[in-house]
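For reference, the structure is listed below as structure tokens.
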Amino acid sequence: MASASNWTAGAIAARAEEGHPQTVALLSGPLVLFAMTGGATAVTSQQLLAAIRIGPQKWRVATGTGSIDLLPFTAIADEPYTTYFKVA
């Protein structure tokens, strides 16, 4: 991961994969946030950057079809997750 960061007041950033600007990971400060989903989810970069913290180690992204919960790796137990999002 390398190229651009977009920071908001809540310290949420989307980092683009080098050479793949539509593939991003979501960060809160130094933490990579993992989506608690087993498959691809349609989401925009604006939706990702609007993630809100809903617990000590839990964030939520509202999408056009529902919501996605996000956790740092250390908070994930035995659940499916994904790291990268393809954004529109």
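Pull up the range 14-68, narrow it to residues that are part of a loop (DSSP other than H, G, I, E, B) and of a type in the set (A, V, I, L, M, F, W, C), then point me to the one that is surrounded by the most Cβ atoms within 10 Å (Cβ to Cβ).
Ala51
Starting from residues that are within 18 Å of Thr23 (Cβ to Cβ) and touching a helix residue (DSSP H, G or I) at 6+ places or on another chain (Cβ under 9 Å), keep the ones in the range 37-67 and report whichever is modelled with the highest pLDDT.
The selected residue is Val61.
The values are calculated or read from the model by the stated rules, or taken from the named source; none is laboratory data. Since the model is a prediction, treat every value here as computed from it, not as a measurement. In this analysis, Cβ positions are derived from the backbone assuming ideal geometry, glycine residues included, and neighbour counts consider all displayed protein chains.
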